[in-house]
Amino acid sequence: MKILVLDGSPRPNGNTASMVGAFAEGARESQHEVTVIPICKKEIAGCLACGYCHTKGEGRCIQQDDMQEIYPVLQETEMLVLASPVYHHGFTGQLQCAINRIYALDKPKKLKKAALILSSDDDGGYGGVIYAYRKSFLEYLKLADMGIVTACGEQGQSEKKLRELRQFGRNLQDGDGDREMDTEQFIRTMGSGGKIIAGSKTHQHMVHLSNEAMKITARLNQGYHGPEEIRELMAELTGQEIDDSFGMFPPFYTDCGKNIHIGKHVFINSGCQFQDQGGIYIGDGALIGHSVVLATLDYDLDPAHRADLYPKPIHIGKNVWIGAHATVTQGVSIGDGAVIAAGAVVTKDVLPDTVVGGVPARRIKSLV
């Protein structure tokens, strides 16, 4: 797939540039062809609204500036990524000029997908940009939204965020989404960090897996099963081999199952509920108490798109102990040896060998 990134940052070594670099690295690893254009190094004027491009120009802009170099690349692009720091709740002026000038092409002939990469010093400052991206860009050009990745402050150069962006690029798929989806492709898509559109092929496969999970968990939760039979049912549920050291007290509930990854010497107590579409990774020796909830999905805040989903994985380190009735939300990583107190709601990463508790969970003490 041919991917074009329009980088609107005036800082060549800033947070946005680091995020773009990580995304491009991951996409190239998956054999995508990625072109990054630093817009702020170009001379691109704003749209004159003269109408020449759609009358005498026949798709050609009358202004002879550096946008003329970008038009041929746009015409061959299958996925366009807009990347920008957020200034005054909007794109940088340079990037906005380039976006406006795309109008000359009406719609680039091969363009079907788009994504958005944003950095900001204000974690609540993305709303205006995202609204404009969805309403004035995606809907106008009728593009599939492959995802939005944001970073606040120095987070944009953190290894965790760069890893997320590399994975996003790595998991992008060729094609227009018309093919039937298999479970392997589903898991790759869910790991990309992009939005899952309600009714899409990915969403339909999610529903299919949910029905399979209900059938298997109904068998698991009905009557008595010995340890070996429990492991066999969990292997069927997850589609993976379950180590002989694994233990569980049913009942157990999940609405997917195929994106649960369990290490050795793991014990899961009764009544746990795993929403694993975004990926749940449980390290060796982890102990998970009664009625623990692990939730990897979030819904869109825009009421018009409320059914759309954002998956992010949960990573549970080695020898972690999660107390009864705790909840761990999407995107959280729990370090090795950490303890989650009963009833805690964990919304942020937990350092290794640390005890956290409360709602939301906060550090109580260190174990070392």
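The values are calculated or read from the model by the stated rules, or taken from the named source; none is laboratory data. Values in this document were obtained by computation on a predicted structure and should not be read as measured data. Neighbour counts run over all protein chains shown; Cβ positions are idealised from the backbone, glycine included. For accessibility, only protein heavy atoms count, side chains too; no ligands or nucleic acids. Shrake-Rupley method; radii C 1.70, N 1.55, O 1.52, S 1.80 Å.
Restricting attention to region 244-272, the residues that are surrounded by 19 or more Cβ atoms within 10 Å (Cβ to Cβ) and small (Gly, Ala, Ser) add up to 1. At least 1 residues being within 30 Å of Lys135 (Cα to Cα) is the threshold, and among the strands (runs of 3 or more DSSP E) wholly inside region 278-368 those reaching it are 293-295, 297-299, 309-311.
The residues of region 75-90 that are at pLDDT 90 or above and out of contact with any helix residue (DSSP H, G or I) (no Cβ under 6 Å at 6 or more places or on another chain), listed by number, are Gln75, Glu76, Thr77, Glu78, Met79, Leu80, Val81, Leu82. The condition of being on the phi < 0 side of the Ramachandran plot, out of contact with any strand residue (DSSP E or B) (no Cβ under 8 Å at 6 or more places or on another chain), at pLDDT below 95 and not basic (Lys, Arg) holds for only one of Leu301, Leu233, that being Leu301. State yes or no: is Leu162 at pLDDT 90 or above and more than 18 Å from the chain's Cα centre (by Cα)? Judged against the criteria, Leu162 is not a match.
Scanning region 285-303 for residues that are farther than 22 Å from Ala344 by Cα and surrounded by fewer than 17 Cβ atoms within 10 Å (Cβ to Cβ) turns up Leu301, Asp302, Pro303.
Rundown of residues vs (1) aliphatic (A, V, I, L, M); (2) more than 20 Å from Val320 (Cα to Cα), yes/no style:
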{"position": "Glu228", "(1), (2)": "no, yes"}
{"position": "Glu232", "(1), (2)": "no, yes"}
{"position": "Leu237", "(1), (2)": "yes, yes"}
{"position": "Met248", "(1), (2)": "yes, no"}
{"position": "Phe252", "(1), (2)": "no, no"}
{"position": "Ile260", "(1), (2)": "yes, no"}
{"position": "Ile268", "(1), (2)": "yes, no"}
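The condition of being over 18 Å from the mean Cα position of the chain (by Cα) and either more than 30 Å from Leu74 (Cβ to Cβ) or modelled with pLDDT of 85 or more (or both) holds for Leu141. Selection over region 200-211 of residues that are out of contact with any Ser or Thr (no Cβ under 8 Å at 6 or more places or on another chain) and closer than 30 Å to Arg163 by Cβ gives a count of 8.
Of the numbered criteria (1) part of a strand (DSSP E or B); (2) modelled with pLDDT under 95; (3) among the hydroxyl-bearing types (Ser, Thr, Tyr), the one Thr189 fails is (1). Filtering Ala307, Ala324 for residues that are open to solvent by less than 80 Å² (accessible area, probe 1.4 Å) and either at pLDDT 95 or above or under 19 Å from Asn259 (Cα atoms) (or both) leaves a single hit, Ala324.
Determine if region 283-299 includes at least one residue that is in contact with an Asp or Glu (Cβ under 9 Å, 6 or more places away or on another chain) and farther than 26 Å from Asn221 by Cα. For region 283-299, residues in contact with an Asp or Glu (Cβ under 9 Å, 6 or more places away or on another chain) and farther than 26 Å from Asn221 by Cα: present. Output yes when any residue across region 21-30 is hydrophobic (A, V, I, L, M, F, W, C), surrounded by 14 or more Cβ atoms within 10 Å (Cβ to Cβ), in contact (Cβ under 8 Å) with a residue 40 or more places away in the chain and in contact with an Asp or Glu (Cβ under 9 Å, 6 or more places away or on another chain), and no when none is. Within region 21-30, one or more residues are hydrophobic (A, V, I, L, M, F, W, C), surrounded by 14 or more Cβ atoms within 10 Å (Cβ to Cβ), in contact (Cβ under 8 Å) with a residue 40 or more places away in the chain and in contact with an Asp or Glu (Cβ under 9 Å, 6 or more places away or on another chain). Entry remark, region 49-73: residues being under 11 Å from Ala104 (Cα atoms) and either crowded, with 16+ Cβ neighbours inside 10 Å or not polar (S, T, N, Q) (or both) number 15 in total. Among the residues making up region 1-53, those that are within 20 Å of the chain's Cα centre (by Cα) and among the small types (Gly, Ala, Ser) are Ala17, Ser18, Gly21, Ala22, Ala24, Gly26, Ala27, Ser30.
What residue, among those in region 200-243 that are closer than 21 Å to Gly263 by Cβ and not in a helix (DSSP H, G or I), is least open to solvent (accessible area, probe 1.4 Å)? The qualifying residue least open to solvent (accessible area, probe 1.4 Å) is Ile242.
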